[in-house]
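All remarks here apply to the structure that follows.
The values are calculated or read from the model by the stated rules, or taken from the named source; none is laboratory data. None of the values given here were measured: they were computed from a predicted structure. Methodologically, a virtual Cβ is constructed for each residue, glycine included, from the backbone with ideal geometry; neighbour enumeration extends over all protein chains shown.
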Amino acid sequence: MWWLFSKKTEDKTLKKVNKIEKSLLKSFTHIKGDIDGIFNKLDLQEEKITYILSRIENLESSSINQPTEQIEQYTEQIEQSEQPSSKTIQSLKTTLNDLTDTQLGLLKKLIALQKENKDNWVLMRSLTEEAYPNKDPLKVRSTISGYLSILDDLGLIQKRRKGRQILLKITDRLKEFIPPEIKIKTPAKRKKN
C-alpha cells in the first residue's frame with residue numbers, strides 16, 4: 001500500500017493536473033475573447049440599427065411634411081412620361097449610340113431571341129450560348145451579367161429571376177422604337193442529312 005503514495009505517482013499526477021489546468025485556462029481565455037468579440041459585433045449592429053431607424057424617421061417626417069401639391073405634380077409628371085415624346089425617342093437613340101459594340105451585339109441577339117420566342121422572356125443562358133457559342137456559359141456568366149446590368153440600368157431590358165434562372169426581355173419602350181440600324185437576322189436553319 002505504501003507504493004500508492006510514492007513520489008513518482010505524485011509527480012505524474014501533478015503534471016497531469018497542471019496540464020489540465022493550463023488547457024482549461026487557455027480554453028477559458030479563448031471563450032472570453034469570443035464573448036468579447038460577440039458583444040463588440042452586437043454593439044456595432046445596435047449602432048447600425050439606430051442609424052437606420054433615425055434615417056427612416058427623417059424620411060417619414062420629410063414625406064409627411066411634403067405638400068400635396070408637389071405630390072400631385074409628381075404624379076402628373078409620371079403620367080406624362082409614360083406617353084412617348086420626341087425627347088424620349090431622341091434620348092433612346094442617344095442611349096443606343098452610346099452603347100459599346102459588345103453591348104449592342106448582346107441587345108441585338110436578345111431582340112432576335114425574343115422574336116424567335118414570340119416576344120416571351122428569354123433565358124440568360126440562351127443569350128450566353130448565342131453570344132459565346134464556343135465557351136463554357138459558366139465562365140462568361142459574370143461578363144454577360146455585367147453587360148446586362150448596364151442595359152437594365154439604361155432601361156433597355158428587363159431582368160427577372162425565376163428560381164435559379166434569370167429571364168430577360170426588352171422593354172416596351174425599346175420594342176416600339178427599334179431603330180432601323182438594328183436589323184434582326186434569324187440564323188439559317190441547317191439541313192439535316
Item to check | Pairs with Cβ under 7 Å, 6+ apart, first in segment 117-140 and over 18 Å from Q158 (Cα atoms), second of a type in the set (S, T, N, Q) | outcome: P137/T128; V140/T128
Checklist entry - Within segment 98-128, restricting attention to residues that are crowded, with 16+ Cβ neighbours inside 10 Å and either of a type in the set (S, T, Y) or farther than 17 Å from K175 by Cβ (or both), which residue is modelled with the lowest pLDDT? => result Q103
Checklist outcome for this item: Scanning segment 153-193 residue by residue, those modelled with pLDDT of 65 or more and charged (D, E, K, R) turn out to be D153, K159, R160, R161, K162, R164, K169, D172, R173, K175, E176
Checklist entry - What single numbered condition from (1) buried (at least 18 other Cβ atoms within 10 Å of the Cβ); (2) within 17 Å of the chain's Cα centre (by Cα); (3) farther than 11 Å from Q103 by Cα fails to hold for L148? => result (3)
